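First comes the structure, then the notes that go with it.
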């Protein structure tokens, strides 16, 4: 039997079964529900609507100021030490020590200080990133009960963050952003959890490479 004829006959069978169900002569169909659906929420929009984004920016700003102050203090201490080393080497040179050796030692000392300062800045970047990640995680946890309640009301089993890059299209019916904002505003917004700042940068710790505290604050 040709393949296309077989497909046509199977189509007739499915059509017949469909007619039986519509007429009530077949098995009773199970009512469909929305349980198991997926919802989306724009947490950035939620944070902005209730003013939480400003609070997080202020907290991050305070952390930037703290870390920048530590770096400035370390740099000042290094400059003082470098000046002392320079004076000492000048005295040793006047006492008969070869100038080339004195200059070499001074350059080595300066290189070590520059490396230590670079590591300090890298550690500051890491601590700032950790601080910001903690702020975001705390906000997600605070909004989780509201999201769960609204999702249960709508029969949704999963709620994912809204991402315009990954999600090509979103049905407005499953976008929970406005509902979450409205509920949080009625409740006065999630109470900000106490924020314990990240531990300060150890003055002589073993730090990772990198720099750019100011860039990390943007």
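Laboratory data are not the source of any read-out in this text; all were calculated from the coordinates shown. Bear in mind the structure is a predicted one, so any value in this text is a computation, not a measurement. Here Cβ is always computed from backbone atoms with ideal geometry, including for glycine, and neighbour counts include all displayed protein chains.
If you bin all the Cα-Cα distances of the range 107-194 at 10 Å, starting from zero, the percentages per bin are 13, 29, 24, 14, 10, 7, 2. For the range 32-152, the Kirkwood estimate of the hydrodynamic radius, built from every pair of different alpha carbons, is 19.1 Å. For the range 151-182 versus the range 67-126, the inter-centroid distance based on Cα atoms is 56 Å.
Among 59-67, 123-131, the peptide with the highest mean count of other Cβ atoms within 10 Å heads the list, and the full ranking is 123-131, 59-67. Most tightly packed first, judged by the mean number of other beta-carbon atoms within 10 Å of their residues, the peptides 109-117, 175-183, 76-84 read 175-183, 109-117, 76-84. Peptides 140-150, 41-51 ranked from most to least packed by the mean count of surrounding Cβ atoms within 10 Å: 41-51, 140-150.
Given 20 °C and 1.002 mPa s, compute D for the range 50-96 with the Stokes-Einstein relation, Rh being the Kirkwood radius over Cα pairs; round to the nearest whole µm²/s.
Once the numbers are plugged in, D ends up at 157 µm²/s.
The order of 166, 89, 106, going from fewest to most other C-beta atoms within 10 Å of their C-beta, is 166, 106, 89.
Work out how much length residue 170 to residue 86 would gain on full extension: take 0.36 nm times their residue separation and subtract the Cα-Cα distance, in nm to one decimal. Mind showing how you got there, number by number?
Values: separation 84, 0.36 × 84 = 30.24 nm, distance 6.63 nm.
That pair, residue 170 and residue 86, stretches by 23.6 nm at full extension.
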